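Okay, so here's the structure we're looking at.
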Amino acid sequence: VQTLKWQDQWLREKSGRFTFSINPSVRTGWMLKYANRNAQMMLDGFRVGNVQLNAYRHRFHSVDSDLCDTCQETETIPHYLLWCVAPDSPAASLRLVGGTKSPMDIASILLRRDLFDIVLVSYRDRLKNNRVKPLTTNLI
């Protein structure tokens with residue numbers, strides 16, 4: 001009964017629509033999980049839309065533009081995972097794995113370990129190569 005109440009609330013909620021597009025159910029037992037805390041935090045960030053891409057960082061004024069440096073499109077999670085042509089983007093590798101018979105979508109990438117492992121390698125390289133500077137706050 002409680003799950004039905006939560007599901008009804010989740011269906012009517014105005015916020016969290018990115019997460020809803022990936023996971024429209026309040027049931028969580030089917031979700032991909034990592035034993036490695038760092039990998040799990042990255043996966044969770046992609047699930048809720050809080051990753052160090054320009055669209056997210058621009059909201060906090062830590063970058064001048066929300067555009068992808070390579071494509072000049074808004075650098076969102078869908079752009080980064082599906083369409084980006086930047087050399088450090090996982091999009092090309094994911095297209096190779098997915099092939100033409102199995103079109104990629106964000107939910108599939110975030111639910112399949114073989115696919116999200118590709119994202120992890122690419123995203124870790126991006127962070128390690130200092131393409132992303134840490135967010136800082138100017139609250140003082």
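Within the set of pairs 6+ apart or on separate chains, which have a first residue in the stretch 44-66 that is under 21 Å from ALA107 (Cβ atoms), a second that is among the hydroxyl-bearing types (Ser, Thr, Tyr) and not in a helix (DSSP H, G or I), and C-beta atoms under 6 Å apart?
ALA55/THR74; ALA55/THR76
Among what's in the stretch 25-47 and is among the basic types (Lys, Arg) and surrounded by fewer than 16 Cβ atoms within 10 Å (Cβ to Cβ), pick the residue that is modelled with the highest pLDDT.
ARG37
If you take the residues of the stretch 7-24 that are without any contact (Cβ under 8 Å) to a residue 60 or more places away in the chain and surrounded by 13 or more Cβ atoms within 10 Å (Cβ to Cβ), which of them is farthest from LEU127 (Cα to Cα)?
GLN7
For the stretch 86-103, what are the residues that are open to solvent by less than 40 Å² (accessible area, probe 1.4 Å) and either assigned to a loop (DSSP other than H, G, I, E, B) or at pLDDT 80 or above (or both)?
Selection gives ALA86, ASP88, SER89, PRO90, ALA91, LEU94, GLY99.
Pull out all pairs, ordered by first then second residue, where Cβ-Cβ is under 8 Å, the residues are six or more apart or on different chains, the first lies in the stretch 117-137 and is modelled with pLDDT of 90 or more, and the second is part of a helix (DSSP H, G or I) and open to solvent by 40 Å² or more (accessible area, probe 1.4 Å).
Close Cβ pairs satisfying both conditions: ILE118/SER93; ILE118/VAL97; SER122/SER93.
Identify, by number, the condition in (1) at pLDDT 85 or above; (2) within 18 Å of the chain's Cα centre (by Cα); (3) surrounded by 13 or more Cβ atoms within 10 Å (Cβ to Cβ) that ARG59 doesn't meet.
(3)
The values are calculated or read from the model by the stated rules, or taken from the named source; none is laboratory data. Here the structure is a predicted model, which is why all the values come from computation and not from measurement. Here the Cβ is made from the backbone with ideal geometry for all residues, glycine too, and neighbour counts use every protein chain on show. The accessibility values were calculated without ligands, DNA or RNA, using every heavy atom of the protein model including side chains. Shrake-Rupley method; radii C 1.70, N 1.55, O 1.52, S 1.80 Å.
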